[in-house]
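Data block below; observations after.
The values are calculated or read from the model by the stated rules, or taken from the named source; none is laboratory data. Because the structure is predicted, anything quoted here is derived from the model rather than measured. Neighbour counts are summed over all protein chains in view; Cβ atoms, including those assigned to glycine, are modelled from backbone coordinates with ideal geometry.
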Number of protein chains: 2
Amino acid sequence: MILATLDLLRQSGLSGAGINQVVAASAAPRGSVYHYFPGGKLELTTAALKEAERGVGQRFRDIFHKSTPIATKVASLFAAAGNSLEGNQFTRGCPVAAVTLDIERDSEDLRAVCRGIFDSWQEIIAAGLNGVPRAERRGVARLILATFEGALILSRAEATKEPLLRAGKSLAGVLALRFPTASSPQRAKGGRRRG
Amino acid sequence: MILATLDLLRQSGLSGAGINQVVAASAAPRGSVYHYFPGGKLELTTAALKEAERGVGQRFRDIFHKSTPIATKVASLFAAAGNSLEGNQFTRGCPVAAVTLDIERDSEDLRAVCRGIFDSWQEIIAAGLNGVPRAERRGVARLILATFEGALILSRAEATKEPLLRAGKSLAGVLALRFPTASSPQRAKGGRRRG
């Protein structure tokens, strides 16, 4: 039921993830939705977003907590998302972005959930930015996440992975220039050549 | 009616901009919606998005077609959006992003509309990037638009303008470093000091 909700949120945000749609997509009896989620749609949406927080967070960790140059990390993230988006015919994007843009007065409680998830993702990315001065890591992580979320939208609108691939490469390029020591961690391992 | 629709789209995407809501918000008689927009919700949404294309496009033009350094342009764009978002209590973002993330099977026609608008905005930005090599302008414009759209989402989720202000400054900084000649157009006007 949670996964069916998450899938619907990724497709079309809050509007597409009503209880009726969740029941239809998950083949769960209607009563069980309210049994497990007495808070109804908001509670079920929150559970689905938390699932995305874990899953996507793990993917950020896999990419950013490696000892690869920052440019490689950024380009990998965008390329992986491009492949995944292509794999679902550009129909499923970031559920947290979709919900954030759909919040209305009666779903205002979801704003804090979305904020918390974006925060935790920024922390995961920041923790993997060795070579970037500690005081700047959070800011760079925010820039990466913002560009990533925006490029996901441009790719969905174009129904091609080009915006993700190209924005990823552009961002990787300017970050490598700005943080050269974050771009070649291997240098420290010795074998550095001199003149 | 078009402006009421646009306002609703900016608030909560397609889900919030049904014919009923538009009628309620615009105080127009229900019959007149179908009179002017026989295509119903999709046609009305398209008209509202086209209105945003013009209005937002003009703001991009005002900022990017000045002879200021690229860093100033980027920081101004993000700061202006932060102020505007703060002015509406973080309830109204980019309608094109909101619609893109809400597209379902029955609103698939809107994808091409959104794509066209993002394209035209990228062209306007690219045309104002003097100092950036011609072949790279479109890519840099895409990076700016992607980061802008993503930062708008982070700011809405946080209900503060910080994500916009900080992502804007970070992006401005790395672009100024990457394109130093785009950062000081005044130099060409003479008075350049030597030694």
> Any chance segment A:45-68 includes a residue that's free of Cβ contacts under 8 Å to residues at least 60 places away in the same chain and of a type in the set (Lys, Arg)?
Replying inline: yes
> Among the residues of segment B:33-64, how many are within 22 Å of A:Gly150 (Cβ to Cβ) and surrounded by 15 or more Cβ atoms within 10 Å (Cβ to Cβ)?
Replying inline: 14
>> Going residue by residue through segment B:27-49, is there one that turns out to be among the aliphatic types (A, V, I, L, M) and either within 13 Å of the chain's Cα centre (by Cα) or more than 16 Å from B:Thr5 (Cα to Cα) (or both)?
In response: yes
> Does B:Ala172 meet the test of being more than 14 Å from the chain's Cα centre (by Cα), more than 10 Å from chain A (Cβ to nearest Cβ), at pLDDT 95 or above and part of a helix (DSSP H, G or I)?
Replying inline: yes
>> Can you list residue pairs whose Cβ atoms sit under 9 Å apart, with the first residue in segment B:116-132 being more than 17 Å from B:Leu175 (Cβ to Cβ) and the second being surrounded by 17 or more Cβ atoms within 10 Å (Cβ to Cβ) and of a type in the set (Ser, Thr, Tyr)? Count only pairs 6 or more apart in sequence or on different chains.
In response: B:Phe118/B:Thr100
> Yes or no: B:Val99 surrounded by 23 or more Cβ atoms within 10 Å (Cβ to Cβ), modelled with pLDDT of 95 or more and within 21 Å of B:Asp62 (Cβ to Cβ)?
Replying inline: no
> Just for segment B:144-165: of the residues that are in a loop (DSSP other than H, G, I, E, B) and out of contact with any Phe, Trp or Tyr (no Cβ under 6 Å at 6 or more places or on another chain), which one is farthest from the other protein chains (Cβ to nearest Cβ)?
Replying inline: B:Lys161
> Which of (1) among the aliphatic types (A, V, I, L, M); (2) at pLDDT 95 or above; (3) more than 30 Å from B:Gly39 (Cα to Cα) is the odd one out, the single condition B:Ala182 does not satisfy?
Replying inline: (2)
> For the subset of segment B:133-159 comprising residues that are surrounded by 24 or more Cβ atoms within 10 Å (Cβ to Cβ) and among the small types (Gly, Ala, Ser), which member is farthest from B:Asn88 (Cα to Cα)?
Replying inline: B:Ala146
